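The values are calculated or read from the model by the stated rules, or taken from the named source; none is laboratory data. What you see is a predicted model, and the numbers here were worked out from it, not measured in a lab. Every residue, glycine as well, gets a Cβ built from its backbone with ideal geometry; the counts of neighbours run over all protein chains shown. Surface areas here come from the heavy atoms of the whole protein model, side chains and all, with no ligands, DNA or RNA. Shrake-Rupley method; radii C 1.70, N 1.55, O 1.52, S 1.80 Å.
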Amino acid sequence: QVQLVESGGRLVQAGDSLTLSCAASGGTFSLYAVAWFRQAPGKEREFVAVITWSGGSTYSDSVKDRFSISRDHPQNTVSLQMNNLKPEDTAVYYCTADPSFSTVLTGTGVYWGQGTQVTVSS
């Protein structure tokens, strides 16, 4: 059983940078793929980025030139560095983890954090 806790979300201005963190406890987190998803008000949850246990990463087209996902195995954390933030990045950001990459990529796993709010003002 893995417990995930996101942190770092806050109100920022367009063009600012922000780093979100997903901290894990329990389970063998170092062997899990981890993804970030986000959900804006009135919209469906959407994939943002994913990182494999070995550090390989994939991004959605909307963020791939601005966001960077990384992980710290000793600290059991996965970070999402977000640069040049835009108002359309406003959403609750969630992390999810699973031993299966495809499960994480599709957001169909059972391990999710509670989310952290990112608000980007124009």
Among strands (runs of 3 or more DSSP E) entirely within segment 8-122, at least 2 residues that are open to solvent by 20 Å² or more (accessible area, probe 1.4 Å) and modelled with pLDDT of 95 or more occur in 11-13, 18-25, 46-51, 57-59, 67-72, 77-82, 91-98, 116-121
Out of Ser25, Ser60, sole residue that is among the polar types (S, T, N, Q), in contact with a strand residue (DSSP E or B) (Cβ under 8 Å, 6 or more places away or on another chain) and over 23 Å from Val2 (Cβ atoms): Ser60
